[in-house]
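One structure is given below, encoded as structure tokens.
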Amino acid sequence: MEIELEAVGRNLAELRAARGLSLRELADLTGYTSSYLSQIERGDSVPSLSGLATVAASLGVEMATLFEQVTGPKIHVSRKSEPLRLRTRPSEDEAEQRYAVLGAHGNEGAYTALIHHIPPDSPPITFRHFGERFGLVLSGSVRIIFGSEVHDLGQNQWLHYGSHEEHIIQVTSARDAEILWVVSPAIF
């Protein structure tokens with residue numbers, strides 16, 4: 001099953017309105033422009049997962065709240081043949097982001113596990129959200145930059161860090177990079 005992140009805009013608009021915030025006020029809280037937030041609400045643009053985390057934190061909700069609520073069993077079984085896939089629609093200066101969700105319990109879970117597929121020709125991806133991340137490179141190689149601190153990671157190498165500081169991820173291999181992320185708090 002694949003989910004495009006199109007319901008985000010509708011849910012964002014409802015949450016913003018419920019809190020009595022104008023687009024301009026939400027823009028001031030997030031650091032995004034009101035025009036960009038309007039594009040998200042209309043479904044014309046979908047931000048990165050890091051961007052969604054910033055918007056959710058600014059609204060005082062878990063990121064899972066921005067997605068359509070799906071009720072289901074307490075145990076989530078993922079099979080390689082039937083993964084839950086997420087795909088963002090890129091803006092002009094971003095590449096499409098593809099994820100396979102391995103574990104998701106929304107607000108009830110302590111973490112979310114994802115496999116992030118990044119093509120080698122992708123522009124650098126900037127992340128920043130409340131919480132922490134553990135990343136294990138499954139294939140390819142990546143560079144993760146925190147300000148002036150650079151970490152080059154290859155297959156079977158990992159790192160664990162607080163993700164509240166802006167950081168950049170870029171593929172350094174000639175083939176796709178796949179990273180297993182364990183993100184806390186849960187984002188799905």
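Before moving on, here are some points about what is shown:
- Residue in the stretch 115-122 that is under 16 Å from the mean Cα position of the chain (by Cα), modelled with pLDDT of 70 or more and more than 27 Å from residue 7 (Cα to Cα) present: no
- Filter result for the condition that a residue is more than 16 Å from residue 96 (Cα to Cα), part of a strand (DSSP E or B) and without any contact (Cβ under 8 Å) to a residue 40 or more places away in the chain, over 143, 133: 143
- Total residues in the stretch 146-167, condition crowded, with 16+ Cβ neighbours inside 10 Å and in a strand (DSSP E or B): 2
- Identification of helices (runs of 4 or more DSSP H) wholly contained in the stretch 1-82 with 1 or more residues that are modelled with pLDDT of 80 or more, within 15 Å of the chain's Cα centre (by Cα) and surrounded by fewer than 20 Cβ atoms within 10 Å (Cβ to Cβ) yields 49-59.
The values are calculated or read from the model by the stated rules, or taken from the named source; none is laboratory data. Quick caveat: nothing in here was measured; it's all calculated off a predicted structure. With ideal geometry, Cβ positions are generated from the backbone for all residues, glycine too; neighbour counts draw on all protein chains shown.
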